[in-house]
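Chemist: After the structure tokens below, expect a handful of questions from me.
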Amino acid sequence: MISSFTSVEVSTVALLVSFLLCAFLGSGKFRLGQIVRYYSLQSLCLAGLLVSMALHGDEHLFLSAGGVVLFKAILIPVILTMSARRSGLSGRLTSMIRPAPTYFLSGVTLLLAVMAGMSISSSLQQTDLILTVTAFAAMFMGGAMMAVRRDLYSQIIGFFTLENGITILAAATLGAIPFLTEIGIFFTIVIGAFLMSLLSRRLKELYAVEDTAELRELVD
């Protein structure tokens, strides 16, 4: 199957595999520094993917790749890391399940993504199918991370992983997103990261814990 790919398509597949590997490995880590590093690497792979797709014909994606590097690979990790240091976040984050079951769950989401992609494979070209499967896998893994993790930092990384999957799906199906819309999305996720980090710090100050289960107490 690889022999039927062009050199640009081979680089696209390699970047997609690297992207999925970073998302998968990050999903089972329980230290913020490790999760943030894997998210940053994941975003760099996404930027490389957009550059590869831009070389395939859509030059607009060069700007998108630059935005991904600036906002997702650099700015968001810096915001989360600095906020965690200021709030005195403990070294180990909380989750409903242990690392091994977490990786198993991520593997299940990958299988579900492949099944979802296969269900529509007849209507897609080979490269578009791989892009779609990767997008589904990122969205499923991000959603699973949001569901099983109990600290806000892990949950926001899960959300951003899901958002990266949406970006890949949009690039695969639409070819490109209007640049002003992308700028709005970038600023929205940065503001979201900032607000979530503030909320986590406030939770730590009020309850001396990082578990989002404590948010159940915030009712009238």
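The values are calculated or read from the model by the stated rules, or taken from the named source; none is laboratory data. Predicted model only: the values in this text are computed from it and were never measured. Positions of Cβ are generated from backbone atoms using ideal geometry, with glycine treated the same way; all protein chains shown enter the neighbour counts.
Chemist: Suppose the filter is in contact with a strand residue (DSSP E or B) (Cβ under 9 Å, 6 or more places away or on another chain) and under 22 Å from ALA137 (Cβ atoms); does PHE30 pass it? Reasoning before the result, please.
Modeler: Details: in contact with a strand residue (DSSP E or B) (Cβ under 9 Å, 6 or more places away or on another chain): yes; under 22 Å from ALA137 (Cβ atoms): yes.
For PHE30, the condition - in contact with a strand residue (DSSP E or B) (Cβ under 9 Å, 6 or more places away or on another chain) and under 22 Å from ALA137 (Cβ atoms) - is met.
Chemist: Of all the residues that make up the stretch 161-181, how many are at pLDDT below 70, assigned to a helix (DSSP H, G or I) and touching a Ser or Thr at 6+ places or on another chain (Cβ under 9 Å)?
Modeler: Result for the stretch 161-181: 1.
Chemist: Sticking with this one: Under 9 Å between Cβ atoms, which residue pairs at least 6 apart in sequence (or on different chains) link something in the stretch 159-171 that is buried (at least 21 other Cβ atoms within 10 Å of the Cβ) with a partner that is not in a helix (DSSP H, G or I)?
Modeler: If the second residue must be not in a helix (DSSP H, G or I), the pairs left are THR167/ILE177; ALA171/ASP58; ALA171/ILE177.
Chemist: Identify, please: which residue in the stretch 145-158 is surrounded by fewer than 20 Cβ atoms within 10 Å (Cβ to Cβ) and touching a Ser or Thr at 6+ places or on another chain (Cβ under 6 Å) and is, among those, modelled with the highest pLDDT?
Modeler: VAL148
Chemist: Give me a count of the residues in the stretch 122-151 that are assigned to a helix (DSSP H, G or I), farther than 21 Å from ALA100 by Cα and not β-branched (Val, Ile, Thr). Step through it out loud before you land on a result.
Modeler: Quick first cut of the stretch 122-151, residues assigned to a helix (DSSP H, G or I) only: 122-123, 126-148.
In the following step, the residues that additionally are farther than 21 Å from ALA100 by Cα were identified as 122-123, 126-136.
The next check asks that each one be not β-branched (Val, Ile, Thr); those that pass are 122-123, 126, 128-129, 131, 135-136.
Qualifying residue count, the stretch 122-151: 8.
Chemist: Moving on to the next point. Taking interchain pairs and intrachain pairs at least six residues apart, which have beta carbon atoms under 8 angstrom, with the first residue in the stretch 112-139 and more than 24 Å from PHE160 (Cα to Cα) and surrounded by 14 or more Cβ atoms within 10 Å (Cβ to Cβ) and the second of a type in the set (S, T, N, Q) and modelled with pLDDT of 85 or more?
Modeler: Taking only residues 6 or more apart or on different chains, the pairs are LEU124/THR132.
Chemist: Tally time: how many residues in the stretch 7-37 are of a type in the set (D, E, K, R), under 25 Å from SER154 (Cβ atoms) and in a helix (DSSP H, G or I)?
Modeler: So the answer is 1.
Chemist: Working carefully through the options ARG31, ARG37, find the one that is farther than 15 Å from GLY165 by Cα and at pLDDT 90 or above. Can you show your working first?
Modeler: On the way: ARG31 fails: at pLDDT 90 or above.
None of the others qualify; the one that does is ARG37.
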